[in-house]
Structures are given as C-alpha cells and as structure tokens.
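Single-structure report; data block below.
Just so you know, all these numbers are worked out from the coordinates, no wet-lab data involved. Being a predicted model, the structure only gives us computed values, none of them experimental.
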Amino acid sequence: MRLVLLGPPGAGKGTQAQRLVEFLQVPHLSTGDMLRQAINQGTPAGMHAKGFMDQGKLVPDETVLRLVEERLSQPDCGAGYLLDGFPRSVPQATALDEFLATRGQPLDGVVEMEVDEHEVVQRMMARGRGDDQPDVIRQRMATYRQQTKPLSDYYRGRKLLHLIDAMGTVDEVSSRMRATIEQMKSPPR
C-alpha cells in the first residue's frame, strides 16, 4: 500500500507509523528523518534545510521533493510505503501526484490523525527534542494550520482521505488505524 500519514506535529505520527509499517510490511518514509539525516551528514541539501528547520519553518519544496523522489525510486518502495511528513502543502501534493502518475503508482489512501492542539503542544514539550521549544512549537503549529491543513480538502476531493481520532492510548489509536487500513484494502461493494 502507498499511504500518506497526516497530522499536526506531535500527533503521534511517528509512533503510529512504526506500528503501521510492521502491520503492512512497507518502509516508513519520514521526511523529518530524511532531513535530519541530511543535516547530520552535512549534505548541501541538509545544510540548506537546517536554517529553515531551526526557525520552525518549512524546508523549500524543491529540496524536499528531491529527497522524496530519490527515496521513492529505491527498490524497497516497490510494494508500497508510508509517507510521514510529506506532502505538507497542496503544491507538494500535486507534485507528488504528478511524480507517482509517471510511475503508474497512485496513492492508495491518506490517513489524517486528528488531535486537540493543546494536547499536541503538551506531547511535544514532553519529547524533549532540541527543536521542541515553546516558540518553535507555536510557529510549527501556525505553519501547519496555514499550509498543511488545506491538504485535508485536497485529498477529500480526491476521495483518498480517512480521518482517525488520535486521542487516547497508543494502542487505541493503533487499533483505529488498522481498522481504517483494512477498510481501504477491501474493495467497495
């Protein structure tokens, strides 16, 4: 299955993605991880991205698209993948659709994790990552609302969007995810 996982920063996408990749036996492709790896390796794209990430801003589309297209072209993505953190805007979604169309491999679905914003901020503060400072979190949430949230409408219009209540325990959310994925796998009657 070729899936996109959406939700605000701190919604638990990474945790749920790990469970989903075990369930689906596909690679987890986190653009955040790809970017952090590029930064740690000191690649030009990584250094370019670092300045934006340190300010809580989105990395320019062309940089992220290049990383994603290279990754989707690798053999382990042939049977599917779970994209986490990409696309983050309608232009990125359009570019992804165009890239996948050239390969004859459209998305199977999009799962959006819905969570209370106050809860998200609390979760992120508890993670203790270096970029999880209150002012950076607020900027990331504002950026999410402005640029990423419109993806819901985009994918709803394409009949690919599936909403998941991401409040509750990890196991409760995971159970909802699996049930939704099973529905996506089953052809409509």
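The figures follow:
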| quantity | calculated |
| --- | --- |
| Under Karplus coefficients 6.51, -1.76 and 1.60, residue-wise ³J(HN,Hα) of the stretch 139-154 in Hz, glycine/proline x | 5, 5, 5, 5, 4, 4, 4, 6, 9, 8, 3, x, 4, 4, 5, 4 |
| Gap separating the Cα centres of the stretch 109-156 and the stretch 48-101, nearest whole Å | 17 |
| Note, ³J(HN,Hα) from phi for the stretch 107-115, Karplus 6.51, -1.76, 1.60, rounded to Hz, x at Gly and Pro | 5, 8, x, 10, 10, 10, 8, 9, 8 |
| Most mobile of T148, T94, T102 in a GNM of the chain (Cα contacts under 10 Å) | T102 |
| Amide H within-cut-off set for E112, under 5 Å, with H built and near neighbours excluded | L6, H162, L163, I164 |
| Shape of the stretch 92-189, Cα gyration tensor, a/c cut at 1.5 | oblate |
| Karplus (6.51, -1.76, 1.60) ³J(HN,Hα), θ = phi - 60°, over the stretch 78-94, in Hz, Gly and Pro reported as x | x, 8, x, 5, 10, 8, 10, x, 8, x, 10, 8, 4, x, 5, 5, 5 |
| For the chain, fraction of C-alpha pairs farther apart than 28 Å, in % | 21 |
| Cross-link pairs beyond the 19 Å C-alpha cut-off, checked among K13/K149; K57/K149; K149/K185 | K149/K185 |
| Reciprocal of mean inverse Cα separation for the stretch 149-189 (Kirkwood radius, Å) | 11.5 |
